[in-house]
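Rule-based calculations on the coordinates, nothing more; no lab input. Fair warning: this is a prediction, and the values are worked out from it, not measured in the lab. Cβ atoms come from the backbone with ideal geometry, glycine included; neighbour counts cover every protein chain shown.
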Amino acid sequence: MSAIPMGKVVPNKDGKPCSICQEPIAREMIGIHMDGTIIWWDEGHNARPINDGRCCKFCNDNVVIQQRILMISKDKNYDYNK
Ligand SMILES: [Zn+2]
């Protein structure tokens with residue numbers, strides 16, 4: 001079985017700027033077609049609650065997700081069943 005590098009991130013100097021760090025958003029490999037063509041995603045990630053734009057994978061992993069966890073853990077009355 002061949003290893004498919006899912007989640008592989010390739011720098012894209014023409015990518016849209018990240019709304020947090022302003023670096024161009026890299027392309028992420030999200031899948032592979034039956035014919036072997038790689039499917040890329042270059043729209044980045046939802047940057048909320050930091051802002052309403054899109055952000056790069058680094059900012060998503062290191063800023064956005066951290067902030068979301070912080071917000072949820074601070075809200076002791078948060079109803080997870082809603
Ligand atoms: Zn960024």
Task: Built amide H within the under 5 Å cut-off of I20, gap 5+ - done: C56
Task: 3J(HN,Hα) from dihedral phi, segment 45-61, Karplus parametrisation 6.51/-1.76/1.60, rounded to Hz, x for glycine, proline - done: 10, 5, 8, 5, x, 5, 7, 8, x, 10, 9, 6, 4, 4, 5, 4, 5
Open item on the list: Quick check: the angle from helix 65-74's long axis to the longest principal axis of the chain, C-alpha only, nearest 10 degrees?
Closed with: 20
TODO: With r as the distance between the Cβ atoms of Q66 and I38 and R0 = 41 Å, compute the FRET efficiency 1/(1 + (r/R0)^6) and round to 0.05.
DONE: 0.85
- [ ] Any chance you could get the radius of gyration and Dmax over the Cα atoms of the chain, in Å?
- [x] 15.9, 50
Task: Other-chain or far-sequence residues with amide H under 5 Å of I32's (modelled H) - done: I39
